[in-house]
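As structure tokens, the structure follows; a few thoughts come after it.
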RNA sequence: AGGGGUGUAGCCAAGUGGUAAGGCAACGGUCUUUGGAAUCGUCAUUCGUUGGUUCGAAUCCAGCCACCCCUGCCA
């Protein structure tokens with residue numbers, strides 16, 4: 001038998017080829033049709049910080065586009081600012097991309113091109129398209145003008161190419177102090193696009209660079225390095241987010257001014273926002289550094305490391321990114337859409353197991369004392385290849401407290417005085433009596449079982465409405481279970497009153513830790529092993545666990561229509 | 001105020017002059033040894049808005065409205 005059909009994930013190539021086309025693919029199609037550009041590599045530029053689900057969208061887009069068009073995708077770090085680059089981020093970003101299942105063609109750093117970029121800068125100076133400016137940062141700011149007013153030209157704007165070249169070389173040689181001079185593009189101080197008002201191309205900055213060490217004291221700006229790095233690599237379509245749209249004229253200017261043979265094209269798309277979470281680096285950093293969460297890989301965070309620890313499968317992240325499409329309009333995707341793809345994948349791939357999170361003891365009065373037996377239980381009804389496992393049954397069992405109601409409502413199909421239900425894969429049991437403690441809380445049930453219903457089937461065709469999961473009390477193992485919920489209690493945490501903060505919306509119940517009872521097979525799980533705890537949700541073994549003492553994170557609960565019915 | 005963008009259902013999103021795809025959510029039915037899954041069905045007479053062009057407009061034109069981005073030697 002084979003795996004249940006229908007919802008299986010497509011492999012990367014199939015997905016890339018068959019899914020509906022987004023506007024970027026239309027651009028590429030157009031370029032292809034005109035024959036003026038052949039599809040080349042894409043690239044994923046990132047510099048610092050941990051990746052989150054929004055970056056996953058960009059990664060899936062870039063690598064997906066490359067795959068769909070027979071191109072390659074490079075991974076490039078735009079490490080042009082030495083004070084902001086850290087090896088730690090490089091390593092985590094590489095790990096995240098790999099985890100998502102993508103393979104880059106080449107791993108590049110903008111710093112690989114420092115020499116080439118510098119030569120290009122000299123070229124611009126030589127042909128009179130760039131100049132060395134001695135204005136201070138404050139002065140440059142003032143000269144830039146305002147949104148509605150044109151800027152003023154720098155008094156150094158008309159230096160000769162010879163003088164500029166000499167000055168640039170001296171900048172490079174370290175003859176001037178930090179911040180004393182910059183190299184600027186000579187474009188148009190009256191441009192309505194502020195980015196075109198003689199933007200800075202190089203700054204003097206004596207800082208140790210994580211890859212080039214102290215080899216340079218001048219560093220290119222992103223606006224200069226990015227387009228030229230793309231052109232050097234032969235990237236034909238350079239995808240970035242909307243806030244760079246105003247930079248595109250400058251992107252094109254650099255490539256044309258330097259007369260690069262590869263006319264790379266920048267295309268912008270809207271970044272991903274999601275309900276019930278925050279995506280900005282600043283806010284995520286605050287959550288981590290102020291201790292609202294345990295770290296960058298806290299399972300409640302939308303970081304890829306957090307999502308991974310939470311147990312979300314990479315396949316489901318890819319399917320999600322595929323489903324949300326790509327466009328230019330601001331949007332906030334409902335987190336329920338992500339959760340759908342997580343459940344969808346796990347339903348087919350996570351073996352089932354039984355766990356009781358809030359136990360109620362049940363004694364089966366007509367089951368012989370000291371007797372026990374093994375029930376052969378299907379691991380995954382959605383996957384016939386997943387096999388079966390033995391689960392012990394005995395006189396003392398544990399069920400979920402919520403599966404018993406002393407005075408049941410009409411819609412309640414579970415156990416109540418006199419009611420009969422099925423213990424899944426075991427027997428029908430009927431509640432004959434129950435015991436309360438001094439507080440009036442039900443602490444134990446006394447049931448009888450029907451020996452002819454072994455496996456959970458009745459010979460006389462009698463039906464029961466409820467089916468419950470259970471554990472043999474003497475055989476159960478204990479473990480920690482962390483029940484994660486959404487980090488924020490409102491759809492848009494950024495929507496808060498004057499003087500407030502997104503922190504005010506943190507869900508006080510974003511995690512609940514319980515001591516749970518687990519079936520014996522769960523004693524020896526490995527971190528990353530995923531299960532569906534029957535009738536409850538999907539869970540993943542956390543690295544915090546130890547052999548015989550597992551720790552599980554709840555990935556996502558099962559959809560729960562019972563909650564709705566009972567309302 | 002200048003420039004650049006964007007408005008299609010509760011949320012994403014196709015649609016490119018021929019009469020509104022798809023997914024999520026929601027809501028009903030069937031089925032069920034997970035109140036899960038599966039399955040069937042319902043869910044935009046209308047595309048921010050007002051006019052215009054056209055036999056015909058979400059698509060073309062004009063005006064208006066709303067929201068986002070831009071004055072780092074950050075990316």
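A short reminder: the numbers here are calculations on the coordinates, not readings from a lab. Worth saying up front: this structure is predicted, and the values here are computed from it rather than measured. No Cβ is skipped: glycine too gets one built from the backbone with ideal geometry, and neighbour counts run over all protein chains shown.
Starting from the Cα of residue A:126, step 7 Å toward the Cβ, then list every residue of the stretch A:193-229 with an amide N under 13 Å from that point.
Hits in the stretch A:193-229 for residue A:126 at 13 Å: none.
Return one number: the angle in degrees, 0 to 90 and rounded to the nearest 10, between the long axis of the Cα atoms of helix A:314-324 and the longest principal axis of the Cα atoms of chain A.
70 degrees
Calculate the FRET efficiency for residue A:372 and residue A:405 from the Cβ-Cβ distance with a Förster distance of 41 Å, rounded to the nearest 0.05. Spell out each step's value before the answer.
Working: r = 29 Å, r/R0 = 0.70.
Step by step, r from the Cβ atoms, then E = 0.90.
Please list A:435-445, A:215-225, A:539-549 highest first by mean number of surrounding beta-carbon atoms within 10 Å per residue.
Per-residue mean Cβ counts within 10 Å order the peptides as A:215-225, A:539-549, A:435-445.
Can you tell me which of A:447-459, A:239-251 comes out highest on packing, and rank the rest after it, using the mean Cβ neighbours within 10 Å?
A:239-251, A:447-459
Return the calculated 222 nm mean residue ellipticity for chain A, to the nearest 500 deg cm²/dmol, obtained by summing -39500 (n - 2.57) across DSSP H runs with n ≥ 4 and dividing by the residue count.
So the calculated ellipticity at 222 nm is -8000 deg cm²/dmol.
Between 0 and 90 degrees, rounded to the nearest ten: what's the tilt of helix A:114-126 against the longest Cα principal axis of chain A?
Helix A:114-126 sits roughly 30 degrees off the main axis of chain A.
Test of understanding: what is the full-extension gain from residue A:546 to residue A:105, defined as 0.36 nm times their sequence separation minus their Cα-Cα distance? Walk me through the numbers on the way to the answer.
Details: separation 441, 0.36 × 441 = 158.76 nm, distance 3.82 nm.
Full extension of this stretch gives 154.9 nm more.
Can you tell me, using C-alpha contacts under 8 Å and at least 6 residues apart, the relative contact order of the stretch A:356-411 as a whole percent?
Relative contact order, the stretch A:356-411: 46 percent.
Bin width 5 Å, origin at 0, all Cα-Cα pairs of the stretch A:336-424: what percent of pairs per bin?
Here the calculated profile for the stretch A:336-424 is 3, 11, 15, 17, 17, 17, 13, 6, 2, 1.
So how much slack lies between residue A:160 and residue A:524, counting 0.36 nm per residue of separation and subtracting their Cα-Cα distance, in nm?
Residue separation times 0.36 nm, minus the Cα-Cα distance, leaves 123.6 nm.
At 0.36 nm per residue, minus the direct Cα-Cα distance, what do residue A:442 and residue A:566 gain on full extension? Give it in nm, one decimal, please.
Values: separation 124, 0.36 × 124 = 44.64 nm, distance 2.05 nm.
Residue separation times 0.36 nm, minus the Cα-Cα distance, leaves 42.6 nm.
Note down the nm distance, to one decimal, between modelled labels 7 Å out along Cα→Cβ at residue A:457 and at residue A:149.
Calculated label separation equals 8.8 nm.
Please list, short to long, the whole-number percent of alpha-carbon pairs of the stretch A:179-313 in consecutive 10 angstrom bins beginning at zero.
11, 26, 28, 26, 9, 0
From the mean inverse distance of alpha carbon pairs (Kirkwood) and the Cα radius of gyration, derive Rg over Rh for the stretch A:334-387.
Checking Rg against Rh, the ratio lands at 1.17.
If r is the Cβ-Cβ distance from residue A:208 to residue A:334 and R0 is 45 Å, what FRET efficiency results, to the nearest 0.05?
Efficiency computed from Cβ-Cβ geometry: 0.50.
Just to be sure I understand: of the beta bridges DSSP finds with both ends in chain A, what percent are antiparallel, rounded to 5?
So the antiparallel bridges amount to about 70 percent of the total.
Against the longest alpha carbon principal axis of chain A, how many degrees, from 0 to 90 and to the nearest 10, is the axis of helix A:222-233 turned?
Once rounded, the angle reads 80 degrees.
Using only alpha carbon pairs under 8 Å that are at least six residues apart, calculate the relative contact order of chain A and give it in whole percent. Write out the running numbers ahead of the final one.
Working: 1098 pairs, mean separation 66.4, N = 567.
Computed value for chain A: 12 percent relative contact order.
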